[in-house]
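Inspection log for the structure reproduced underneath, given as structure tokens.
The values are calculated or read from the model by the stated rules, or taken from the named source; none is laboratory data. Since we're looking at a predicted model, the values are computed, not measured. With ideal geometry, Cβ positions are generated from the backbone for all residues, glycine too; neighbour counts draw on all protein chains shown. In case anyone asks, the SASA skips ligands and DNA or RNA and just uses the protein heavy atoms, side chains included. Shrake-Rupley method; radii C 1.70, N 1.55, O 1.52, S 1.80 Å.
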Amino acid sequence: MSALYPLRRAAGYRGVPGIRASCLSQSVQPGPRSVSRCGSQPLSWSPAGTAGEGGSASVEFIGWTAVIVLPLVYLLVVLAQVQAASFAVVSAADAASRVLEVDGSSQAVGRARVAAGLALSDQGIDADPATALSLSCVSDCSERVVVTVEARVPLPGLATVGLGHEAVAVEARRSVSLADQEE
């Protein structure tokens, strides 16, 4: 038995049937494709447990891609849509509050709804400004009001199936001092 037998055993040398023990003591060049011949039969090296697994790396790569990468990409798309919707409702609340601060006419609420609708549509949010924008009084409605804009975000891909339609709600609030009423 060769002095290299334990090392070869640990490296996964399986041996080839019909090879004499004297062939094991021959030097084998290091490297992934090194082959030494003893007589007419080649010696083969393979890591332990990998016999017959040729070509399985591509299958495992595709499997792990489907299991890990695709849900991560979907999560990024969902987070991007929720972030766009939150930016849209904050912009809509800011625009509506600016209109209410400056415009003291009786049409101020209608103009605030138009401004909120434009801010929502800039980010691709299909929300009706009449229902998305709401006003509530702080103490009395003559001085301060709270502008609230709410929009619901559908989950991509699931809304077409009918599962995740408007699953996430985002909301923004602004407290605003009303402009002096024109008479």
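Considering each residue of region 120-133, count those that are surrounded by 14 or more Cβ atoms within 10 Å (Cβ to Cβ) and in contact with a Lys or Arg (Cβ under 7 Å, 6 or more places away or on another chain), and give that number.
The initial filter retains those residues of region 120-133 that are surrounded by 14 or more Cβ atoms within 10 Å (Cβ to Cβ), namely 120-123, 125, 127, 129, 132-133.
From what's left, in contact with a Lys or Arg (Cβ under 7 Å, 6 or more places away or on another chain): 129, 133.
The number of residues fulfilling the criteria is 2.
Please tell me if Ala85 is closer than 21 Å to Ala132 by Cα and touching a strand residue (DSSP E or B) at 6+ places or on another chain (Cβ under 6 Å). Lay out the reasoning, then the answer.
Working: closer than 21 Å to Ala132 by Cα: yes; touching a strand residue (DSSP E or B) at 6+ places or on another chain (Cβ under 6 Å): yes.
Here the answer is yes, as Ala85 does meet what is asked.
Out of the residues in region 139-183 that are modelled with pLDDT under 75 and among the charged types (D, E, K, R), state the one that is nearest to Ala119 (Cα to Cα).
Checking each candidate, the answer is Glu166.
Would you confirm, using the coordinates I've provided, whether Glu150 is in a strand (DSSP E or B), open to solvent by less than 80 Å² (accessible area, probe 1.4 Å) and either of a type in the set (A, V, I, L, M) or touching a residue at least 24 places away in the same chain (Cβ under 8 Å) (or both)? Before the answer, list the steps.
On the way: in a strand (DSSP E or B): yes; open to solvent by less than 80 Å² (accessible area, probe 1.4 Å): yes; either of a type in the set (A, V, I, L, M) or touching a residue at least 24 places away in the same chain (Cβ under 8 Å) (or both): yes.
So Glu150 passes the test.
Would you say Glu53 is among the acidic types (Asp, Glu) and modelled with pLDDT of 85 or more? Even if it seems obvious, please write down each step before you answer.
Details: among the acidic types (Asp, Glu): yes; modelled with pLDDT of 85 or more: no.
Considered against the rule, which asks whether it is among the acidic types (Asp, Glu) and modelled with pLDDT of 85 or more, Glu53 comes out as no.
Within region 60-103, work out how many residues are charged (D, E, K, R) and either surrounded by 17 or more Cβ atoms within 10 Å (Cβ to Cβ) or not in a helix (DSSP H, G or I) (or both).
Filtering region 60-103 for residues charged (D, E, K, R) gives 60, 94, 98, 101, 103.
Restricting the remaining residues to those that are either surrounded by 17 or more Cβ atoms within 10 Å (Cβ to Cβ) or not in a helix (DSSP H, G or I) (or both) gives 94, 103.
Matching residues across region 60-103 total 2.
Could you please find all residues in region 96-131 being among the acidic types (Asp, Glu) and more than 36 Å from the chain's Cα centre (by Cα)? Write out each step before concluding.
Initially, region 96-131 is screened for residues among the acidic types (Asp, Glu), giving 101, 103, 122, 126, 128.
Hits for region 96-131 are Glu101, Asp103.
Is it true that some residue in region 106-119 is touching a residue at least 60 places away in the same chain (Cβ under 8 Å) and open to solvent by less than 50 Å² (accessible area, probe 1.4 Å)?
yes
Rundown of residues vs (1) over 14 Å from Ala108 (Cα atoms); (2) open to solvent by less than 30 Å² (accessible area, probe 1.4 Å); (3) among the β-branched types (Val, Ile, Thr), yes/no style:
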| residue | (1), (2), (3) |
| --- | --- |
| Leu135 | no, no, no |
| Leu155 | yes, no, no |
| Val161 | yes, no, yes |
| Ala172 | yes, yes, no |
| Ser175 | yes, no, no |
